[in-house]
Structure formats: C-alpha cells, structure tokens
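Quick one: structure below, then a few questions.
The values are calculated or read from the model by the stated rules, or taken from the named source; none is laboratory data. Note that the structure is a prediction, hence the values are computed from the model and not measured. Using ideal geometry, Cβ is built from the backbone for each residue, glycine included, and neighbour counts are taken over all protein chains shown.
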Amino acid sequence: MSVPPSPPSSLAESLTAAFAARAELRARLHAEGTDAYRLFHGSVEGFPGLTVDRYGDLLLAQTFHQPLAEDRLAELEDFYAQALPGLSLIWNDRSGSNSRVANRLDAERNVIAHAPRLFSEMGVRYCFQARHAGQDPWLFLDLRAVRRRIMEMAVGRSLLNVFAYTCGVGIAAAKAGAAYVVNVDFSESALAVGRDNARLNELPVRVRFIKSDAFAALRQYAGIGQPKRVRGKRMPPFPELERRQFDIVFLDPPRYAKSPFGVVDLVHDYPALFKPALLSTAEGGTLVCCNNVAQVDREAWLEQLRRSAAKAGREVRAVEWIEPEADFPSPDGKPPLKVVMLQV
C-alpha cells in the first residue's frame, strides 16, 4: 500500500517543488516568446490562497484568504531572489471581503508597483502594472491556453471579444492574422489598456474597441435589437451597431453583474448571454464560452448550452474543452475555470 507524501514543512519547500515542476514548461514558454506564467498555485501546491505570477521582469504575489505574515513574506522574497535573481516582487493582499488590495507598500516598492512595464506571451506584447485603479491583473494567465487556441484558428477570420477587459484575446487574434476584430467592454479604463496593447504590436488590421454594455452590443449584432425604452423607461445611452455575425465569438463574463440592460448570472442564467452570443456567431462558426464558477458542474453546464442552442434553432456540431496549461494544476483534473469551444 502506497503512503501519500508528507505535506511540505515550509513555504520554501512548496515553492521549490512548484518551481521544479515547471522547469520544462518554463523553458518551452520562453522559447516561444512567453515570459508570463504562474509560478505557484497555492490551492494545489501547499498554501491555499497564495499565488505567484511572473509578468516579464516582475513577480506578483497575491493572497486571497489571509495576509502573509512577515516571516512568510520574507521566505517568499528570499526564495525568488535566489531562484529568479534580478526580478522585483510585489505582494498584493486581496484577502478582504471586497478583494481590493489592502496592504501598503514602502515608497520604493510603491514606485515599482505602479511603474508601467511590458511582457510577452507567444510573441504578443502586453502592458502590465502590479498596481492600478482596478483589482485584477491586466492579463489573466489561466486563459493562455484559450489565446493559444484562438491564435491557431484566427487567420483570415472575424472575431468578437465580449467582456473583453484589456482585450488580450482580441489583440492575440489580430496578431495571428484575424481579418476583423471587435472588443466590447463597459470599462473605458480597461479598453484604454487594450488600445495600448494594440499599439505595442504590429497588427495587420485595425482593431475596434467598443465601450458598451454586453447585452446591448450582443442583441444588436444578433439582430434582436436593443430598444432605447424598455417598459416605458429610457435606457442609458449605448452605441448603435449594425447586425453582424462573426466567425469566432469569445464570451468571458463575470460571475454576477447587473445593469439596466440585463443580469449576468453564471450560476442561474448563463443562457441570457448565450443566446445573443450564439446568434452573433456565423453558421459553422465557433463560440467560445467561459464559466469561472467552481460550483458549476461542467457537464451540466454544457448540457444547458446545448438546450439553449436548440431553442434558438442552432445545432452544436462539435465540442472541445480548453484546459489551462500546466502552470495551473488541478487536483482532480477539473479546474474551476471551464472553457468550452462550440462549433455551431
């Protein structure tokens, strides 16, 4: 009978094991022009709530359950000073109920944290700041596998990127040779980063950035239409868009959001977004859907999408799950982030 390995006795042991486990992956990523990846995934590698990500010449450590004690932070800094000398490390404590960064930095680290810098992924350049006005890093590294897959299929095709945030998927698709790219997000500051990302890369096409509620944009592209008055109430202003279908639609909504145009609820009502996204996808095209809620069973979610497609008169012709790459290990092979690519 095999005996399970003993848990690491120190943070340094966990960091060492995670670093060694990624040796081959890191070499492969750097060879393809990628210097951004997860170095430590604490929920699986020994310290739940702690993550460490590399973004170019900076390491971003984040805590989500509880702050780091001083000795733990010193241990973290000492390990990476030896493992990756010359890189700065910034710690963001997001363990509060609102997930906003709570810890103060000394003057020197504060300058480093707010300094704009660049990194690369698969030859695409992106902007990065360890601290900025928002909460999340400007590129979600667990979506690298998605960006990789979309780059493989984007050549000569049109792409709609909804809930685009800083437009990473759209920029990657354009860099790979997409013929037409539209990024939609309600945050002007996120789109501004996307525009900066576009300027960093020699893109063969002009990428569009549309500040709009996702429901308003999708309904117009789908041909459903977005009324300016609903139940006698005037809707907030929104850009008027012509009906259009895209070869690829990428849908990455937040867990829950509410606006005058509709409610985003990944647990109880994914179809509210799925239907207009589906109708915005060309016949024979590809709809890529994300669901980041751990409690949602992926097979039940997929069945829900199939039913929604049938109700809309469309057939799901093929299904491909896109799993995060090896720097995002999952204990049971079922990562919290679920991404499914549907041929419709």
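Between ALA61, ALA27, ALA81, ALA113, which is under 15 Å from ALA12 (Cα atoms) and either among the hydroxyl-bearing types (Ser, Thr, Tyr) or assigned to a helix (DSSP H, G or I) (or both)?
On the way: ALA61 fails: either among the hydroxyl-bearing types (Ser, Thr, Tyr) or assigned to a helix (DSSP H, G or I) (or both); ALA27 fails: under 15 Å from ALA12 (Cα atoms); ALA113 fails: under 15 Å from ALA12 (Cα atoms).
Result of the check over ALA61, ALA27, ALA81, ALA113: ALA81.
Determine which member of the set ARG104, ARG72 is part of a helix (DSSP H, G or I), among the charged types (D, E, K, R), more than 26 Å from ARG148 (Cβ to Cβ) and not assigned by TED's automatic domain parsing to the domain that holds GLU325.
Working: ARG104 fails: part of a helix (DSSP H, G or I).
Selected residue: ARG72, the only one of ARG104, ARG72 that is part of a helix (DSSP H, G or I), among the charged types (D, E, K, R), more than 26 Å from ARG148 (Cβ to Cβ) and not assigned by TED's automatic domain parsing to the domain that holds GLU325.
Something else about it: Among (1) without any contact (Cβ under 8 Å) to a residue 40 or more places away in the chain; (2) closer than 24 Å to HIS114 by Cα, where does ALA130 come up short?
Only one criterion in (1) without any contact (Cβ under 8 Å) to a residue 40 or more places away in the chain; (2) closer than 24 Å to HIS114 by Cα is unmet by ALA130, namely (1).
Could you please find all residues in the range 290-344 being closer than 19 Å to PHE274 by Cα, among the acidic types (Asp, Glu) and in contact (Cβ under 8 Å) with a residue 12 or more places away in the chain?
Result: GLU315, GLU320.
Going by the structure shown, is SER330 out of contact with any Leu (no Cβ under 6 Å at 6 or more places or on another chain) and either surrounded by 15 or more Cβ atoms within 10 Å (Cβ to Cβ) or in a helix (DSSP H, G or I) (or both)?
Working: out of contact with any Leu (no Cβ under 6 Å at 6 or more places or on another chain): yes; either surrounded by 15 or more Cβ atoms within 10 Å (Cβ to Cβ) or in a helix (DSSP H, G or I) (or both): no.
Judged against the criteria, SER330 is not a match.
Let me ask you something else. Restricting the search to the range 47-60, which residues are touching an Asp or Glu at 6+ places or on another chain (Cβ under 8 Å) and among the small types (Gly, Ala, Ser)?
GLY56
So LYS334 fits all but one of (1) at negative phi; (2) at pLDDT 95 or above; what number is the exception?
Of the numbered conditions (1) at negative phi; (2) at pLDDT 95 or above, the odd one out for LYS334 is (2).
Among the residues that make up the range 302-313, is at least one of them within 21 Å of the chain's Cα centre (by Cα), in the same structural domain as ALA173 (by TED's automatic domain parsing) and closer than 22 Å to PHE140 by Cα? Let's see the steps before the verdict.
Taking the range 302-313 as the starting set, the residues that turn out to be within 21 Å of the chain's Cα centre (by Cα) are 302, 305.
Next, from what is left, pick out any that are in the same structural domain as ALA173 (by TED's automatic domain parsing): 302, 305.
Narrowing the set further to residues that are closer than 22 Å to PHE140 by Cα leaves none.
No, the conditions are met nowhere in the range 302-313.
Does ASP71 meet the test of being surrounded by fewer than 21 Cβ atoms within 10 Å (Cβ to Cβ) and over 20 Å from LEU143 (Cα atoms)?
On the way: surrounded by fewer than 21 Cβ atoms within 10 Å (Cβ to Cβ): yes; over 20 Å from LEU143 (Cα atoms): yes.
Yes.
Same structure, new question: If only one of ARG54, ARG104, ARG100 is of a type in the set (Lys, Arg) and surrounded by 15 or more Cβ atoms within 10 Å (Cβ to Cβ), which one is it? If you could, list the steps in order and put the result at the bottom.
Details: ARG104 fails: surrounded by 15 or more Cβ atoms within 10 Å (Cβ to Cβ); ARG100 fails: surrounded by 15 or more Cβ atoms within 10 Å (Cβ to Cβ).
None of the other options fit; the residue is ARG54.
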